[in-house]
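The values are calculated or read from the model by the stated rules, or taken from the named source; none is laboratory data. Bear in mind that the values here come from a model prediction, so they are computed numbers and not experimental data. Cβ atoms come from the backbone with ideal geometry, glycine included; neighbour counts cover every protein chain shown. Surface accessibility is based on the protein's heavy atoms, side chains included, excluding ligands, DNA and RNA. Shrake-Rupley method; radii C 1.70, N 1.55, O 1.52, S 1.80 Å.
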Amino acid sequence: MELVSRQDPCLREVVRFAVCCRALTLLLQASLPALFNLLIPDHAADAFCPPRLSEPGPWDLLVERLLGGLSRWDAEHFLFIAERGYLYEHNCAFFPLYPLSVRALAEGALWPLQRLLRLRSRLLLSAVLLNSLFSVLAAAALYKLGCVVLRCRGVAFLAAVLFSVSPANVFMAAAYSESMFAFLAFSAMWQLEKGQSWLSGLLFSLASGVRANGLINAGFFLYSRGKCFALQLQVGSGSGRKLPPLWKRLLSVASSVVLMCAGIFLPFALFQYYAYVRFCGAGTGLEQAVPKPLLQLALDKGYRLAATDGVKPPWCSQQFPVVYSYIQDVYWNVGFLRYFELRQIPNFLLALPVTLLGSWAAWTYITADPRHCLTLGLERRKSEEEGKPRAGFCCPAVFVYVVHATVLLAFGFFCVHVQVLTRFLGSSSPILYWFSAHLLQEYEPLLCSQETDNPTAAPRSEKPPLGKSPGSCGKGTCANPVVRLLLNRGLITPLGRCVLGFFLSYWLLGLILHCNFLPWT
């Protein structure tokens, strides 16, 4: 995919700013937690923390000192899987593509460092390098996607810049799968908007091998095919060209939907089958190959190893033995309204900003064009027939993304640990960034006053769109709007202060708290 173009200065600025933010994040995570430790020591969290089986060398200690803050919480699972595989049952909550990529880089490009660094240190280093790359590519893919969908390069540019200072930034840098998933998901959405269905399907399939919520992305393909079919039915014979019989068109749509959805669900199904064979199959003498400290950890913490003693986990006897849902239920108590407890109020407060922002985005879009939402965007509009669709956040093409973000928001709020909503939405949906950019572009005088020319969005067809959003959709300048706002922070409106304050405060607080093993989103 051609993500970086020499002809687009805005894209170059997106990449430059993303690289700078990633470098600053790595610098801050090494310094801020150390300063914070002078006041409060590392939190003794009851989290997965397997013993280190080899003595660290001086270079290992240096890597741990510089990057150790990025190996907290779930990062321990990913690094452990990359090193030891799926040894414990609850490791299967974390999908394999990201740890496999980390291991491949550690054993490949970083192989010459094996004399200096033990495997654990090389895995941590490769995770940081991979996430730095994926986060930059995700910002570029988000910009490209925004240009095509929003038909407004100004908002697309601002949204991509905001992604680089995402409130979920610490998880984009740490040894988590968020950066990889964001890159694959945004790239797949972009390719689908361009009409590259098979490449989009491949990217969506890879994304479902990174995170379980990648399965929901099948909805984009279902909607795309359903919308094309509905519009064809409305055009009918009045288009002046002969269309295939209805049954042929219906068969074509159904077959492509089945094939693409099967491809998207395949990684999930294969991983569940792998877990079933590993934990529900006959014993293979695995206990002899597991180091004693790891066996002792399983005994102390109640972790389940593969069925070496013939005792199979309860999920093995289910009609559909899916280990993922079992782990979420038993190990993390994930389920409808299970997190609605008084002691979880602080976590609900942590998720409040992204909940309000996501709800506001949905409300804004619905009230801007209720008819379009009620018809699910399947009605052919006069503006589309004339080639003049609206541009900006409230344009028709954003509908499916608003639905996707709202589904994720509702599911995350009612069914999972609510504090993960920030990174859940921040790595899965462009709406968080598009709507924030829309608000800033609409209500910040510093951005509204920028000189604009004709729209230069990347259209779905070869003809440039003629409509404009209420905000600036022009060519304008590719000077960084976030930097401009921060340099003139005295002129920022209260709304702008809230939006930027949310992004920047969660970035910095996440670095301080997460890297010190304190609870965060």
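Structure data summary
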{"item": "Carbon/sulfur fraction of accessible area - the chain, other protein chains in place, 1.4 Å, %", "result": "64"}
{"item": "Count, lysine Cα pairs under 21 Å in the chain, 8 or more residues apart or across chains", "result": "22"}
{"item": "Cα-based helix-to-principal-axis angle, 218-235 vs the chain, degrees rounded to 10", "result": "20"}
{"item": "0 to 90° range, to nearest 10: angle between helix 74-84 axis and the chain longest Cα axis", "result": "60"}
{"item": "Cβ-defined net charge surrounding LEU349, 15 Å radius [Lys, Arg +1; Asp, Glu -1]", "result": "0"}
{"item": "Kirkwood Rh in Å, taken over the chain so that all alpha-carbon pairs contribute", "result": "24.5"}
{"item": "Förster-model FRET efficiency, 45 Å R0, ARG497 and LYS248, C-beta, rounded to 0.05", "result": "0.20"}
{"item": "Rounded accessible area of ARG390 (nearest 10 Å², 1.4 Å probe)", "result": "100"}
{"item": "Peptides ranked, highest mean first, by Cβ atoms within 10 Å: ranges 248-256, 359-367", "result": "359-367, 248-256"}
{"item": "Assigned charges on the beta-carbon of Lys, Arg, Asp, Glu; the chain dipole about Cα centre (debye)", "result": "1220"}
{"item": "Full-extension gain in nm, LEU222 to ALA104, via 0.36 nm per residue minus C-alpha separation", "result": "39.1 nm"}
{"item": "Contour minus Cα-Cα distance for VAL483 and GLN7 (0.36 nm per residue)", "result": "169.1 nm"}
{"item": "FRET efficiency estimate (nearest 0.05) - Cβ-Cβ, LEU508 to ARG65, R0 35 angstrom", "result": "0.95"}
{"item": "Residues of the chain: accessible area per residue with a 1.4 Å probe, Å²", "result": "45"}
{"item": "Degrees, to the nearest 10: 246-280 long Cα axis against longest axis of the chain", "result": "10"}
{"item": "Computed E for VAL334/ARG52 - FRET, C-beta separation, R0 30 angstrom, nearest 0.05", "result": "0.50"}
{"item": "Quarter of the Cα convex hull surface for the stretch 302-421, i.e. its orientation-mean projected area (nm²)", "result": "11.7"}
{"item": "Stretch gain in nm, segment ILE366-ARG16, where the contour uses 0.36 nm per residue and the Cα spacing is subtracted", "result": "122.5 nm"}
{"item": "Structure-based [θ]222 nm, the chain - -39500 (n - 2.57) summed over DSSP H runs of at least 4, per residue, nearest 500", "result": "-19500 deg cm²/dmol"}
